[in-house]
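The structure appears right after this line, and notes come after that.
Derivation of every value follows stated rules applied to the coordinates shown; laboratory data play no part. Since we're looking at a predicted model, the values are computed, not measured. Every residue, glycine among them, receives a Cβ derived from its backbone with ideal geometry; neighbour counts consider all protein chains shown.
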Amino acid sequence: MNTPLRLAATLLALLSLALCAAATARDLGDSTSSIDIPRYGYELGHTLHVKGYQHYRFNGTAWVGFNATANLYDQHKQEVCVHYYLLQADALGRQPTWESLPNKMRGVLCSSVTCKSVAQVGVDQVSIPCVLLKSTQSAGNEKYFGGVAFVRRINTKHGLAPISTKRAHEGDVKKSTYTCDYSFYLPA
Ligand SMILES: *[C@@H]1O[C@H](CO)[C@@H](O)[C@H](O)[C@H]1NC(C)=O
Ligand SMILES: *[C@@H]1O[C@H](CO)[C@@H](O)[C@H](O)[C@H]1NC(C)=O
């Protein structure tokens, strides 16, 4: 490649990088700072696409979230993990948990991580916020969930609580579908 061509290629690469960063910021509601991963010491392990439900229970005055159940898919659209809230909170009172499905992941042993939410950024009127969660307990394969330090929920769509409380009775349960991406970060 001659020099002007190489320069053009470099500029193009830089431009696409900048566009990428802009797109990410937009996806996160123009404010990425509060759910950023600490700058040093962690690296992205994997990102999985999610389809699932946020579960809400009516307590007499409001719909209150108490569970989430979701299936996580890899880039081959293969279901590799599940997400749910522990029925009994862990020692630190935390419930959101991700668990790998060993039979579906060739060569990857079962592993899991439970987290607490540490920051969130609102997205829009119909979508659950983007969140940063920090691991409170993990088990199994260190290269998978066993070693996860942070989980980041991004690109959320839908999943908020029902708006109307008309005709709702205490104890009623409703599920709200959502999609998002979960990124899992490990110590570098
Ligand atoms: C229902 O949940 C809302 C929102 O969390 C809370 O403010 C309210 O006190 C709760 N009401 C009852 C009866 O528990
Ligand atoms: C959430 O749902 C899953 C799947 O049905 C269940 O195993 C789990 O115990 C539930 N957690 C809570 C807090 O209800």
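Some points to look at:
- Going through (1) more than 16 Å from ligand 2 (Cβ to nearest atom); (2) surrounded by fewer than 15 Cβ atoms within 10 Å (Cβ to Cβ) one by one, D74 falls short only on (2).
- Matching residues, region 144-188, being within 16 Å of ligand 2 (Cβ to nearest atom) and either in contact with a Ser or Thr (Cβ under 6 Å, 6 or more places away or on another chain) or of a type in the set (F, W, Y) (or both): G159, Y178
So that you can scan it fast, the table gives a plain yes or no per residue for (1) among the polar types (S, T, N, Q); (2) more than 14 Å from L44 (Cβ to Cβ):
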{"site": "S127", "(1), (2)": "yes, yes"}
{"site": "S135", "(1), (2)": "yes, yes"}
{"site": "E142", "(1), (2)": "no, yes"}
{"site": "A161", "(1), (2)": "no, yes"}
{"site": "T177", "(1), (2)": "yes, yes"}
{"site": "Y185", "(1), (2)": "no, no"}
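- Some residue of region 103-110 being farther than 20 Å from N71 by Cβ and in contact with a helix residue (DSSP H, G or I) (Cβ under 6 Å, 6 or more places away or on another chain): no
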